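First comes the structure, then the notes that go with it.
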Amino acid sequence: MPSVRPFANGNHLAAISSWLGGTQYDLRLARVLHQYGWKGTFFIDPDQIGKPGMLSADEVRGLRDSGFAVGLLVDSAGNDAGAIQNAVLSLEAVSNGAIESYAAPDTQSHSHVAAESPGLVIGQRFDETEIRASDITDWHSFPVTARALHDHMELRERWEAIEETGDGVFHIWGNAAEYGGDDDIWADLECNLAWFCGHQHVWYCSAEDLYRHLTVP
């Protein structure tokens, strides 16, 4: 179990975001997140970099340079150790930094990736639950709170419930490719992000930041 310690600057709530990424829409998403002070992780399949409609190598590096984390999007449970390691190395070379997190399609994939790639320390899953830092025992099965485009009042209720715990983690996720060019959807996303931004008692961070804070002595 990770040691329980106050969040950065003594804050008692951590707010993070995770995104199944890799498309050109991630650039718009990154601008929106930056505008409202959110950090997060973009999960990218290195085999898709540079293809039509996908991020270029320079754009992936740009995400990291802008303060976002880059994680590995594992495409299937059938990847062997060599394929996973090659994907990690490829994404590290492109993004100019270490890859610590991954998103895989199911829990079987998580177990497989964790066993084959010791450098990947955070396995992202997308079932929703209330998260307390003191309850995180398996970083290869790191959950979320809700989709970023959930009903606004439902998100607020979940935020307030987590806020009351004193060591809560409000973790939203999404996929910018699903928003496409629909300005109404982007406006809804901005509405949600804006309400949850700028709170003085909240540490806005990535899952990687949270992992290091809770596990590194």
Quiz item: What Kirkwood radius, in Å to one decimal, follows from the Cα pairs of the chain?
Solution: 17.4
Exercise. Compute from the Cα atoms of region 154-217 the Rg and the Dmax, the latter being the longest Cα-Cα distance, and quote both in angstrom.
Key: 14.2, 45
Self-check item: Solvent-accessible heavy-atom area per residue, rounded to whole Å², over the chain at 1.4 Å
Solution: 44
Practice problem: Give the long-range amide H neighbours of Gly71: residues separated by 5 or more places, or on another chain, with amide H under 5 Å away, using H modelled in the peptide plane at 1.01 Å from N. | Solution: Phe42, Phe43, Ile44
Quiz item: With Rg and the Kirkwood Rh both taken from Cα atoms, where does Rg over Rh land for region 107-217?
Solution: 0.99
Quiz item: Given the rule -39500 (n - 2.57) for each run of at least 4 DSSP H residues, summed and divided by the residues of the chain, what is its mean residue ellipticity at 222 nm, to the nearest 500 deg cm²/dmol?
Solution: -11500 deg cm²/dmol
Quiz item: In square angstrom, rounded to the nearest 10, how much accessible surface does Lys39 have for a 1.4 Å probe?
Solution: 90
Self-check item: Surface share of carbon and sulfur [accessible, 1.4 angstrom probe, percent] for the chain
Solution: 49
Self-check item: Cα-projected label distance for Cys197 with Ala8, points at 7 Å along beta-carbon direction, nm
Solution: 1.7
Self-check item: Debye log10 I(q)/I(0) at q = 0.19 Å⁻¹ for region 6-103, Cα point scatterers
Solution: -0.89
Quiz item: What nm value, rounded to one decimal, do you get for the distance between Asp151 and Ile185 when each label is placed 7 Å out toward the C-beta?
Solution: 2.0
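The values are calculated or read from the model by the stated rules, or taken from the named source; none is laboratory data. Note that this is a predicted model, so its numbers are computed, not measured. Don't worry about glycine lacking a Cβ; one is built from the backbone with ideal geometry, like all the others, and counts go over all protein chains shown. Keep in mind that these areas ignore ligands, DNA and RNA; they rest on the heavy atoms of the full protein, side chains included. Shrake-Rupley method; radii C 1.70, N 1.55, O 1.52, S 1.80 Å.
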